[in-house]
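A quick write-up on the structure given underneath.
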Amino acid sequence: MLGLMQNWPLTVDKILDHAKNWHGDREIVSRSVEGPIVRSTYAQVHARAKQLSNALLSLGIKPGDRCATLAWNTGRHIEAWYGIMGIGAVCHTLNPRLFAEQLCYIINHAEDQVIFTDLTFLPVLQENRAKMPTVKHVVVLTDEAHMQPDVFPGALCYETLIGQQSADCIWGGFDEQTPAALCYTSGTTGNPKGVLYSHRSNFIHTLVTMGTDVMGISATDTVLPVVPMFHANAWGLAFSCSAAGAKLVMPGQKLDGASVYELLETEGVTFSAAVPTVWQMLLGHLRDNRLKLSTLKRVVIGGSAVPEALVRAFRDDYGVSVTHAWGMTETSPLGTLATPTGKTIKLDAEEQLRYTLKQGRPPVGIELKLVDDNGARLPHDGVTFGKLMVRGPFVVGQYFQGDGGVILDDEGYFDTGDVATIDPDGFMQITDRSKDVIKSGGEWISSIEIENIAVGHEKAALCAVIGAAHPKWDERPVLLVKLEAGQSASKEEFLSFLEGKIAKWWTPDDVVFVEDIPLGATGKIDKKLIRERMKDYVLPTAKATVSA
Ligand code: ADP
């Protein structure tokens, strides 16, 4: 016997239909790539997305075809998302921060037929044009006046293309398991792998993330997604804001402190989301110019662990509450959020901070377990750490084109590649990525924990900790510090700053001051590149052991 409720396939076009029908005049404001601030509404975006669908149909795009976007967060990018997905084609978000070689690999692997691009990326597309044989059309997200035919001859103009089309187009009508979007992992090990989201998985992710204890977006919010739409779907905000009827403020290409601040203030932003490095730039700008935040209430920070100093600065200096989140491309991306429980809300501010700094607890729809190397379950005691495994309706089941083979265990859990603890209150804490954890004398040292404490030093701009080979201990931690401009510091200053804050045996064997700490394509510290740069480095303690 089956239930007797209506069969209403969970397809994402219905989300924008809802926004048009019930929040049609709610604004979507964009800092355009051409420069000016552009204002639009959900009703306008809906109509233009339908025009775009008709344009795609006229170009011969069929259900299942991959159409890529290489674009910043703007209203046009949202139109492209919904316009592509509405007709059952697959929206493939390309990360422009990848090297050209990786971009080409991904475009070919996905067999993209159309690329919607911002003007910014025309040169890289032109240079690599011959290496993308499946791409039939490049559409520039601009108007006729800003086209650059000399940079990319033959590209189509977005405004002209959609201007010729009607806003009548039937969306949906297909199975909810139809693929909607494709996003590749940034490939920190091996080639990038594609995560193929379905309409159903995106719809369920949207409903879950709207929960009060999750992102909790409301119709009264004004939301600035700094996190790019090409980085794990802007954490679902293009969907959840439309579903809630929140005003959207899209920052375009300018993500520096001054530009983000200007939008926060002029548009009255109440909620924002970004990786820690973006917030560090914003706080630097606020401090240097003695500015205040007048409307911002809450920020979600994820992508990498949130340094304590960042949470304190937001809380104590600006009255903004921080929600720490964990997730990955493979989890759509939200997996856990450190929102309070009935128990933790009663704790004093300092004790609550201990929980905020953890990566948090899973919302309904996400199941977590910790296992050892043999797959045996480990206790949730907040101390024992093991591999973090995840399962649920918006978690990857297999990679696109079968890459990587079988990726789930016997119980259907996916190995996140993260090492974590889970405490008795259900708060998960990432110890490290499995490949970054430092193995010293058979025990594990969390590089993340040390770097997040070290970056709290007033002279530090960025810190990274890696393991360096040691003849006796296997590996020992080295702290790399990029100092704030104009500062100088000694190794001892940093080591004594860490004293008492970490276990003694976790103390780095060396502190190296560097000009630059490289960030990868998703704004995280690029440990792979750091390790490459440090390949000839020898620990002073290793030299001592060898000569002893
Ligand atoms: P990629 O893996 O391609 O760099 P993702 O955005 O999918 O891109 O990264 C997911 C990974 O980022 C997680 O597996 C985890 O290691 C890390 N991560 C995400 N959020 C956090 C967080 N709040 N704290 C620590 N690490 C995090």
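The values are calculated or read from the model by the stated rules, or taken from the named source; none is laboratory data. Just so it is clear, the structure is predicted and the values come from calculations on it, not from any experiment. All Cβ positions, even for glycine, are placed from backbone atoms using ideal geometry, and neighbour counts span all protein chains on display.
Could you tell me whether segment 233-244 includes any residue that is part of a loop (DSSP other than H, G, I, E, B) and either closer than 21 Å to G523 by Cβ or free of Cβ contacts under 8 Å to residues at least 12 places away in the same chain (or both)?
No, segment 233-244 has no match at all.
Quick one: which of E330, E367 is among the charged types (D, E, K, R), under 24 Å from the mean Cα position of the chain (by Cα) and surrounded by 22 or more Cβ atoms within 10 Å (Cβ to Cβ)?
E330
With the requirement that a residue be surrounded by 13 or more Cβ atoms within 10 Å (Cβ to Cβ), outside any helix (DSSP H, G or I) and not small (G, A, S), what does segment 335-364 give you?
Across segment 335-364, the qualifying residues are T336, L337, T339, P340, T341, L347, L357, K358, Q359, R361, P362, P363.
Per-residue answers, yes or no, for (1) more than 10 Å from the ligand (Cβ to nearest atom); (2) of a type in the set (S, T, N, Q):
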{"position": "A325", "(1), (2)": "no, no"}
{"position": "P340", "(1), (2)": "yes, no"}
{"position": "T356", "(1), (2)": "yes, yes"}
{"position": "P363", "(1), (2)": "yes, no"}
{"position": "D372", "(1), (2)": "yes, no"}
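Looking at segment 519-537, I want the residues that are near the ligand (Cβ under 10 Å from one of its atoms) and of a type in the set (K, R) and have a partner that is at pLDDT below 90 and part of a loop (DSSP other than H, G, I, E, B) with Cβ atoms under 8 Å, at least 6 apart or on another chain. Which pairs are those?
Cβ pairs passing all conditions: K524/S304.
Could you tell me whether any residue of segment 495-505 is surrounded by 16 or more Cβ atoms within 10 Å (Cβ to Cβ), of a type in the set (A, V, I, L, M, F, W, C) and either touching a residue at least 60 places away in the same chain (Cβ under 8 Å) or assigned to a loop (DSSP other than H, G, I, E, B) (or both)?
no
I'd like the full set of residues that are crowded, with 21+ Cβ neighbours inside 10 Å, out of contact with any Asp or Glu (no Cβ under 7 Å at 6 or more places or on another chain) and in a loop (DSSP other than H, G, I, E, B), limited to segment 106-144.
Selection gives D112, D118.
When you look at R48, is it assigned to a helix (DSSP H, G or I), among the basic types (K, R), under 18 Å from A155 (Cα atoms) and in the same structural domain as Q102 (by TED's automatic domain parsing), yes or no?
Considered against the rule, which asks whether it is assigned to a helix (DSSP H, G or I), among the basic types (K, R), under 18 Å from A155 (Cα atoms) and in the same structural domain as Q102 (by TED's automatic domain parsing), R48 comes out as no.
Name the pairs whose Cβ atoms lie under 7 Å apart, with the first residue in segment 467-478 and surrounded by fewer than 19 Cβ atoms within 10 Å (Cβ to Cβ), the second among the small types (G, A, S) and assigned to a loop (DSSP other than H, G, I, E, B), and 6 or more positions between them or separate chains?
That search, which allows pairs on different chains as well, returns D474/G441.
Name the single residue, out of those in segment 411-436 being among the small types (G, A, S) and within 16 Å of G190 (Cβ to Cβ), that is modelled with the lowest pLDDT.
Selected residue: S434.
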